[in-house]
């Protein structure tokens, strides 16, 4: 979990993922899970998968992640997430579309 506020819809995932003070290392050789630690202190940040870290390494996904990680993007993230979630939940609801 990339947040200290589980159960709250925030942009914390993107903020913490893009923190340049975090180093990610595989938990085991060939592992799909990575442990993040704060540079210098070695304090654990969290565990992420290859898919999580893809948002920081793929140029197109990183551009989106940087938008959502910005200081003033919390409301934008919540609005965009709610709109996308609404579309996803209605995709198989043919009774809603004429």
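A few comments on the model shown:
- Candidate set: region 47-62, residues that are assigned to a helix (DSSP H, G or I) and closer than 10 Å to residue 34 by Cα; chosen: the one farthest from the chain's Cα centre (by Cα): 50
- Lone unmet requirement of (1) within 24 Å of residue 82 (Cα to Cα); (2) free of Cβ contacts under 8 Å to residues at least 40 places away in the same chain for residue 17: (2)
- Taking the criterion of being surrounded by 14 or more Cβ atoms within 10 Å (Cβ to Cβ) and touching a helix residue (DSSP H, G or I) at 6+ places or on another chain (Cβ under 7 Å), the residues of region 23-45 that qualify are 24, 34, 45.
- Filter pass, residue 84 being at pLDDT 95 or above, under 19 Å from the mean Cα position of the chain (by Cα), farther than 21 Å from residue 7 by Cβ and exposed (fewer than 14 other Cβ atoms within 10 Å of the Cβ): no
The values are calculated or read from the model by the stated rules, or taken from the named source; none is laboratory data. Quick caveat: nothing in here was measured; it's all calculated off a predicted structure. No Cβ is skipped: glycine too gets one built from the backbone with ideal geometry, and neighbour counts run over all protein chains shown.
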